[in-house]
Amino acid sequence: MLKMTHLQKVYRTHLIETHALRDFSIHVREGEFVAVTGPSGSGKTTFLNIAGLLEEFTGGEYQLDGVDVHGLNDDQRSRLRNEKLGFIFQGFNLIPDLNLFDNVDVPLRYRGYGAAERKKRIEDALGRVGLASRMKHYPSELSGGQQQRVAIARALAGSPRLLLADEPTGNLDSLMARGVMELLEEINRQGTTIVMVTHDPELAARAHRNVHVIDGQVTDFDSEPALRAGSRESGIGNRESVQAAPVSP
């Protein structure tokens, strides 16, 4: 479903270059629920942005559902992102002036669905997260957990193959977080592949497996057994920082 091999991401200025990802390799199979963990600044968000086709990478290979992402133009990337991916953000990113129905409707309009098809998908998605009776409510009328459920419904309405979740429980108390996690587990059991970035070890432990990232590299090769041998040969796992390396004139 998602395969990155020796991925590199370098941010450059006229004075320095920062290696956000280096020799980053991960393989997420269809139907998996994978938690990506690691300290702040380790490269988790960069990985998620590249996985979501929101950023380009500097080197290496990335295949999304069998499609080689390298060389795609903006329109092709947008189409692939719209067809394959769903996003769940820590901050919910709901539009306060729109009710729940219209919030879920926004990305479907970009997909080009007709009104009848959009209505069916919105009702189905809000029903899956237990909010069918509140579709005319506004985000301000909901709890944090309910708002995150709307965000999940919005992500699901387009029937994504892969759901990318960035700290989906980060703004919730422990009770609401458990509820959202149970919902994600149910969505995964129904066939959607999920990659979740989290700092919470209890939530990470509920995923099928964990991928730990430090200094822009996957360091836990027990979670990526197919990559273990290659890591020894290529030097993956060397934690020597290359942040703020001078750029040659």
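Looking for something at pLDDT below 90 and part of a loop (DSSP other than H, G, I, E, B) - is there at least one such residue anywhere in region 172-183? Yes, region 172-183 has at least one match. With the condition kept exactly as written, say whether any residue in region 72-81 is free of Cβ contacts under 8 Å to residues at least 24 places away in the same chain and among the basic types (Lys, Arg). Checking region 72-81: at least one residue is free of Cβ contacts under 8 Å to residues at least 24 places away in the same chain and among the basic types (Lys, Arg).
Every test in (1) open to solvent by 50 Å² or more (accessible area, probe 1.4 Å); (2) at pLDDT below 90 is passed by Glu61 save one, and that test is (2). Just so you know, in region 76-106 the residues that are of a type in the set (A, V, I, L, M) and within 12 Å of Val150 (Cβ to Cβ) include one that is most open to solvent (accessible area, probe 1.4 Å), and it is Ile95. Among the conditions (1) assigned to a helix (DSSP H, G or I); (2) open to solvent by 40 Å² or more (accessible area, probe 1.4 Å); (3) basic (Lys, Arg), the only one that Lys136 does not satisfy is (1).
Beta carbons closer than 8 Å, at least 6 apart along the sequence or on distinct chains, pair a first residue in region 1-21 that is over 16 Å from Asp68 (Cβ atoms) with a second that is among the hydroxyl-bearing types (Ser, Thr, Tyr) and open to solvent by less than 30 Å² (accessible area, probe 1.4 Å) for Lys9/Thr46; Ala20/Thr46; Leu21/Thr46. Only one residue in Thr13, Thr5, Thr18, Thr45 is under 22 Å from Phe89 (Cβ atoms) and either modelled with pLDDT under 95 or open to solvent by 30 Å² or more (accessible area, probe 1.4 Å) (or both). Which one? The unique qualifying residue is Thr45.
The values are calculated or read from the model by the stated rules, or taken from the named source; none is laboratory data. For clarity, every value in this text was computed on a predicted model and none was experimentally measured. Counting neighbours? That spans all protein chains shown, and the Cβs are built from the backbone with ideal geometry, glycine included. The protein model used for the area step is the full one, side chains on, heavy atoms only, and it has no ligands, DNA or RNA in it. Shrake-Rupley method; radii C 1.70, N 1.55, O 1.52, S 1.80 Å.
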